[in-house]
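The values are calculated or read from the model by the stated rules, or taken from the named source; none is laboratory data. These numbers were taken from a predicted model, which means no experiment stands behind them. Cβ: placed from backbone, ideal geometry, glycine included. Neighbour counts: every protein chain shown.
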Amino acid sequence: MDIHPSTEEDAPMDTDRLSINQITVKSWTFEETVRGCARHGIRYVGAWLDRVAEIGVEKAVKILGDHGVAVSSVCRAGFFTDNSPDGPWSGRADNERAIDMTAQLGADVLYLVCGGVAADRDLPAARDAVRDGLAELVPYAVERGVRLAVEPLHPMMCAERSVIVTMAQAVELAAQFRPDEVGVAVDTYNVWWDPRLAEDIRRAGDRIIGYQVCDWLVPQPHPVFGRGVPGDGVIDLRSITRAVDATGYRGPIEVEIFNEKVWSSPPDEVIRMIKKRFAARVLG
């Protein structure tokens, strides 16, 4: 967690687009996260449904309003293949509740984790199930002013979490719907390795409705909980940001980190480090 000596120590703290995803400061409650963001001059937070549910949506909305913090996106819905490694998922009912909570929070972007391979091991059928489940959900989301963001995950998560593993697949899936209904989310941890990434970001164009960043650590400490603070790994984050910005995306940039070491550090210290790194390592 030490900040390596570099020019980022003196870099201006341009945080206008910075959002802190709740999972990055996992030890904080929703209220503590919002208060912390406000204390550090950060205007956005990426919300997780379970943390909002702990206090109720109405209280969460009041806390956001009291501190002048907006929700950049909500995690998460999907699991269209009935395969969730994180516990029971009751399909459409849970997805509709996620949409309702997103709208109540004043957000319009709900991230989708599409679901891994089903028990029958039929990968093409699993991808068909994702398409069909998304099509079933879109009308409900449209009525509530929520856009669904298809997030491709790293291929190592194909079995358990998502059979959509490249930007190309995400763009092709989203293209079956209107841009104001279904978009795509770029998460640097999941897509940085893809030799077609720049091309597929250009193809996505105005369908990009979410952008999350973190770094790829070497060696990887864990296949899921191995994300690093920007600047601690090997991803050329600035190049990806430039590619995303070139599509016209000007929305929040969420720092989303799954890492036990980061989670065990004081959250205020983590946020201070992220602020120091953001302009130097992330902005294009």
Some residue of the range 48-70 being touching a residue at least 60 places away in the same chain (Cβ under 8 Å), among the charged types (D, E, K, R) and closer than 26 Å to GLY226 by Cα: no
Filter result for ARG277 (modelled with pLDDT of 95 or more, part of a helix (DSSP H, G or I) and surrounded by fewer than 21 Cβ atoms within 10 Å (Cβ to Cβ)): no
Test for GLY251: is it surrounded by fewer than 21 Cβ atoms within 10 Å (Cβ to Cβ), under 17 Å from the mean Cα position of the chain (by Cα) and of a type outside the set (Val, Ile, Thr): yes
Total residues in the range 230-245, condition more than 20 Å from GLY210 (Cβ to Cβ) and either among the hydrophobic types (A, V, I, L, M, F, W, C) or buried (at least 22 other Cβ atoms within 10 Å of the Cβ) (or both): 2
Residue count for the range 214-229, restricted to those that are within 21 Å of LYS275 (Cα to Cα), of a type in the set (A, V, I, L, M, F, W, C) and in contact with a helix residue (DSSP H, G or I) (Cβ under 9 Å, 6 or more places away or on another chain): 3
Subset of the range 230-266 (residues that are of a type in the set (Gly, Ala, Ser), over 25 Å from ALA107 (Cα atoms) and not in a helix (DSSP H, G or I)): GLY231, GLY233, SER264, SER265
Checking GLY46 against (1) modelled with pLDDT of 95 or more; (2) surrounded by fewer than 22 Cβ atoms within 10 Å (Cβ to Cβ), the condition it does not meet: (2)
Residue under evaluation VAL224, criteria (1) surrounded by fewer than 18 Cβ atoms within 10 Å (Cβ to Cβ); (2) under 15 Å from the mean Cα position of the chain (by Cα); (3) farther than 28 Å from ARG131 by Cβ; (4) among the hydrophobic types (A, V, I, L, M, F, W, C), criterion not met: (3)
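Can you tell me which of VAL113, VAL165 is touching a Cys at 6+ places or on another chain (Cβ under 7 Å) and closer than 24 Å to TYR211 by Cα?
Of VAL113, VAL165, the one residue that is touching a Cys at 6+ places or on another chain (Cβ under 7 Å) and closer than 24 Å to TYR211 by Cα is VAL165.
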Near pairs, Cβ below 9 angstrom, 6+ apart or cross-chain, from the range 256-284 (without any contact (Cβ under 8 Å) to a residue 60 or more places away in the chain) to any residue that is assigned to a helix (DSSP H, G or I) and among the β-branched types (Val, Ile, Thr): ASN259/THR24; GLY284/ILE240; GLY284/THR241; GLY284/VAL244
Filtered residues of the range 52-75 (kept if surrounded by fewer than 20 Cβ atoms within 10 Å (Cβ to Cβ) and within 18 Å of the chain's Cα centre (by Cα)): ALA70
